[in-house]
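Visitor: This structure is in structure tokens; I'll ask about it shortly.
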Amino acid sequence: MDHNGLSDPYVKLHLLPGASKANKLRTKTLRNTLNPVWSETLTYYGITDEDMVRKTLRYPIRIYTFITFICQGY
């Protein structure tokens, strides 16, 4: 939490395996909230049916504050 008691969270999406920028997406940062709700659609382009079977979606939730704290979801 920041000194005001709030955070600035966002979510990063990673398709693994793969390290290219095409495998990474990110939501908008929601400022000054402890109860984030994202109403966004993030779309990966060029993903085949084969990719859907062999790749894993990782979605770390980042909460940046005055003292950085990181939560990760899998």
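The values are calculated or read from the model by the stated rules, or taken from the named source; none is laboratory data. From a predicted model like this one, the values you see are computed outputs, not experimental measurements. All Cβ positions, glycine included, derive from the backbone under ideal geometry; neighbour counts span all protein chains shown.
Visitor: Does at least one position in the range 18-38 carry a residue that is polar (S, T, N, Q), surrounded by 10 or more Cβ atoms within 10 Å (Cβ to Cβ), on the phi > 0 side of the Ramachandran plot and modelled with pLDDT of 85 or more?
Guide: First, pick out the residues of the range 18-38 that are polar (S, T, N, Q): 20, 23, 27, 29, 32-33, 35.
Within this subset, residues satisfying the condition of being surrounded by 10 or more Cβ atoms within 10 Å (Cβ to Cβ) are 23, 27, 29, 32-33.
Restricting the remaining residues to those that are on the phi > 0 side of the Ramachandran plot gives 32.
Filter once more, keeping what is modelled with pLDDT of 85 or more: 32.
Taking every residue of the range 18-38 in turn, at least one turns out to be polar (S, T, N, Q), surrounded by 10 or more Cβ atoms within 10 Å (Cβ to Cβ), on the phi > 0 side of the Ramachandran plot and modelled with pLDDT of 85 or more.
Visitor: Only residues that are of a type outside the set (S, T, N, Q) and either surrounded by 14 or more Cβ atoms within 10 Å (Cβ to Cβ) or without any contact (Cβ under 8 Å) to a residue 24 or more places away in the chain (or both): list them for the range 39-58, please.
Guide: Correct list: Glu40, Tyr44, Tyr45, Asp49, Glu50, Met52, Val53, Arg54, Lys55, Arg58.
Visitor: Could you check the range 39-54 and list, in sequence order, the residues that are touching a helix residue (DSSP H, G or I) at 6+ places or on another chain (Cβ under 8 Å) and either of a type in the set (Gly, Ala, Ser) or at pLDDT 90 or above (or both)?
Guide: Gly46
Visitor: Another question, then. Find all pairs meeting these conditions: Cβ atoms under 6 angstrom apart; at least six residues apart or on different chains; first residue within the range 12-37 and without any contact (Cβ under 8 Å) to a residue 60 or more places away in the chain; second residue of a type in the set (Asp, Glu) and in a loop (DSSP other than H, G, I, E, B).
Guide: Thr27/Glu40
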